[in-house]
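The next block holds one structure in the form of structure tokens; read it before the comments.
A short reminder: the numbers here are calculations on the coordinates, not readings from a lab. All values derive from a computational prediction rather than experimental measurement. Note that each Cβ is placed from the backbone with ideal geometry, even for glycine, and that neighbours are counted across all protein chains shown.
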Amino acid sequence: MDESMTQEDMQAGKEALLSGWGEIEDLVVTHGKEAVFWDIEGKEYLDCTAQAWSLNTGFNHPRIINVVRKQLEKATHIRSTFYSLPQLQLAKKLSEIAPGDGAKKLNRVSFCLHGSVATEGAMKLALKSKGGGQFLALFNGYHGRTLGSMSVSWPHPHNDFPSYMGNTIRVPGAYCYRCSFNLTYPRCRLQCADFIEEAIEKMPDGKPCALVMEPIQGNGGQITFPQEFHTRVRQICDKFGLLLIYDEVQTAFARVPALFACQLYQVVPDIIIYGKGLGGGFPIAGTLSREGLARFSSGDHGFTFGHFPLSLVAARENLKIIEEEHLLERCHKVGNYILGELSDLQEKYELIGDVRGCGLMIGIELVKDRKTKEPAREETQHFVKEALKRGVLFGASSYAGLGNVVKIKPPVVITDQQVDRALEVFEEVLRKLS
Ligand SMILES: Cc1ncc(COP(=O)(O)O)c(C=O)c1O
């Protein structure tokens with residue numbers, strides 16, 4: 001126990017917090033290293049969530065700590081309207097590695113600190129480029145918790161802010177395990193994509209300006225779409241002159257085996273939203289967009305702390321780490337191994353309805369009955385608690401109503417032994433619940 005705070009003091013602190021999550025994981029976390037963290041009692045946990053799917057290169061990578069320490073000596077805050085070397089270096093690097101070629105290259109970069117604010121930046125960019133219009137967004141999508149980003153997210157089950165929700169048109173994605181049309185891929189010929197097309201065609205009040213989607217839905221339940229769905233969506237946007245916005249806040253920078261998930265699907269969106277994994281544990285987010293779109297002018301999208309030198313140097317170093325430590329290859333290898341093991345478990349345990357994912361963005365949908373696919377919601381919450389008792393933190397979806405997806409999304413620096421330990425606990429808990 002850390003002596004600087006008593007149990008009573010900590011309780012008072014918890015009660016003082018306006019928002020406290022901690023329903024499943026009532027942990028006071030003190031420190032971490034690579035894929036492991038410790039709580040205040042000194043108990044060690046293997047983190048299969050990378051905290052918020054954000055520590056792709058693990059806790060406190062020494063190279064990141066080193067560059068941040070150096071930057072600390074220089075300046076921790078620089079006004080957004082000034083330039084700085086960390087900002088220019090990172091902008092240059094991101095514009096170089098951005099997807100796309102020629103006029104379609106996404107080489108215009110914006111920075112802020114949160115994915116939600118970056119979503120709003122992308123929305124503003126679309127509105128400015130297209131002269132207004134509505135947004136199209138997918139069922140089960142998640143794009144943040146500011147009012148603007150909530151307006152394109154799937155309504156949270158306890159959404160208390162409907163009066164501020166924008167007029168978004170919601171359309172189904174190719175969630176093939178629970179098809180909105182009760183069809184099976186590929187025989188369905190992507191009726192969901194046909195539906196999107198028809199929804200745009202029949203809009204009574206003009207064309208939307210953009211379609212916003214995650215290439216792989218995270219909070220909505222780890223939903224991957226077939227390649228063909230991505231291709232169709234790009235074609236539909238081109239046909240109707242809509243911008244395609246890929247929210248890669250979760251998927252970019254080594255969560256999947258490509259710097260950007262859109263590269264896995266050979267689709268170049270018009271705007272990418274990034275965040276989480278870039279900063280190696282420091283807050284940074286923003287957009288990448290192509291040159292032909294609008295630019296922000298003063299007053300459009302500036303924030304006091306939007307130009308945060310510590311995050312900028314951390315992000316630059318993090319990109320070097322991903323490259324030099326070959327973390328995309330590692331993500332591919334470890335992800336395939338885990339998916340293979342989970343498929344074997346699926347044959348043994350009825351509780352597993354579906355296993356899906358890509359790289360280290362894996363979801364296991366638990367069902368009470370494989371035929372009816374009734375979501376095993378309580379079992380999922382129980383699953384995470386039981387695993388936590390055994391020192392392994394898995395994620396669980398609580399968004400989008402179903403709440404029955406266990407998530408395995410560890411830092412890419414997780415070792416082979418740690419992966420096996422996580423899978424051992426996974427099966428132990430499955431056995432107990434089955
Ligand atoms: C796909 C996606 N977009 C946007 C966000 C919002 O990012 P932030 O929590 O940094 O505001 C998240 C966060 O979970 C996300 O998963």
Exercise. Averaging sequence separations of C-alpha pairs under 8 Å and six or more residues apart, then dividing by the length of the chain, give the relative contact order as a whole percent.
Key: 23
Quiz prompt | Size of charge dipole - the chain - debye, nearest 20, with Cβ of Lys, Arg +1 and Asp, Glu -1, no other charges | solution = 1500
Practice problem: Would you be so kind as to identify which of Ala254, Ser434, Leu88 lies farthest towards the positive end of the dipole of the chain, taking Lys and Arg as +1 and Asp and Glu as -1 on Cβ and the Cα centre as origin? | Solution: Leu88
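On alpha carbon coordinates alone, what is the Rg over Rh value for segment 68-198, Rh being the Kirkwood radius?
Here the Rg-to-Rh quotient is 1.07.
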Quiz item: Can you tell me the Rg and Dmax of segment 266-334, counting just the alpha carbons, in angstroms?
Solution: 14.8, 45
Quiz item: Which whole-Hz couplings ³J(HN,Hα) result when phi for each residue of segment 160-165 is put into the Karplus expression 6.51 cos²θ - 1.76 cosθ + 1.60, θ = phi - 60°, listed in order with x for Gly and Pro?
Solution: 9, 10, x, 5, 9, 7
Quiz item: Mean residue ellipticity at 222 nm from the helices of the chain, using -39,500 (n - 2.57) per DSSP H segment of n ≥ 4 over the full residue count, to the nearest 500 deg cm²/dmol?
Solution: -11500 deg cm²/dmol
Quiz item: What residue among Gln381, Gln222, Gln346 shows peak mean-square fluctuation when the chain is described by a Gaussian network model with Cα springs under 10 Å?
Solution: Gln346
Exercise. Please say if segment 136-231 is rounded, prolate or oblate, where rounded means a/c under 1.5 for a ≥ b ≥ c the square roots of the C-alpha gyration tensor eigenvalues, and otherwise the choice is prolate for a/b larger than b/c and oblate otherwise?
Key: oblate
Quiz item: How long are the three semi-axes of the equivalent ellipsoid of segment 31-134, in whole Å, if each is the root of 5 times an eigenvalue of the C-alpha gyration tensor, listed from largest down?
Solution: 33, 20, 15
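Over 30 Å between C-alpha atoms is what I'm after, so list which of Lys320/Lys407; Lys124/Lys276; Lys128/Lys320; Lys74/Lys105; Lys371/Lys409 land there.
Those over the limit are Lys128/Lys320; Lys74/Lys105.
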Quiz item: With the calculation restricted to Cα positions, what are the radius of gyration and Dmax of the chain in angstrom?
Solution: 21.5, 65
Practice problem: Return the loop-located trypsin sites (Lys or Arg not before Pro) in segment 241-350 (DSSP other than H, G, I, E, B) with at most 14 other Cβ atoms within 10 Å of their own Cβ; answer none if there are none. | Solution: Arg295
Quiz item: Between His31, His114, His143, which gets the highest mean-square fluctuation from a Gaussian network model of the chain, Cα cutoff 10 Å?
Solution: His31
Quiz item: Which residue, chosen from Ile200, Ser110, Tyr142, occupies the Cα position most advanced towards the positive end of the dipole of segment 83-205, where the dipole is computed from +1 (Lys, Arg) and -1 (Asp, Glu) charges on Cβ about the Cα centre?
Solution: Ser110
Quiz item: In a GNM of the chain with a 10 Å cut-off on Cα contacts, which of Lys368, Lys407, Lys43 has the highest mean-square fluctuation?
Solution: Lys43
Self-check item: Neighbour net charge for Gly133 - beta-carbon separation under 14 angstrom, K R +1, D E -1
Solution: +2
Exercise. Could you tell me which of rounded, prolate or oblate describes segment 334-373, using a ≥ b ≥ c as the square roots of the eigenvalues of the alpha-carbon gyration tensor, with rounded for a/c under 1.5 and, failing that, prolate when a/b is larger than b/c and oblate otherwise?
Key: oblate
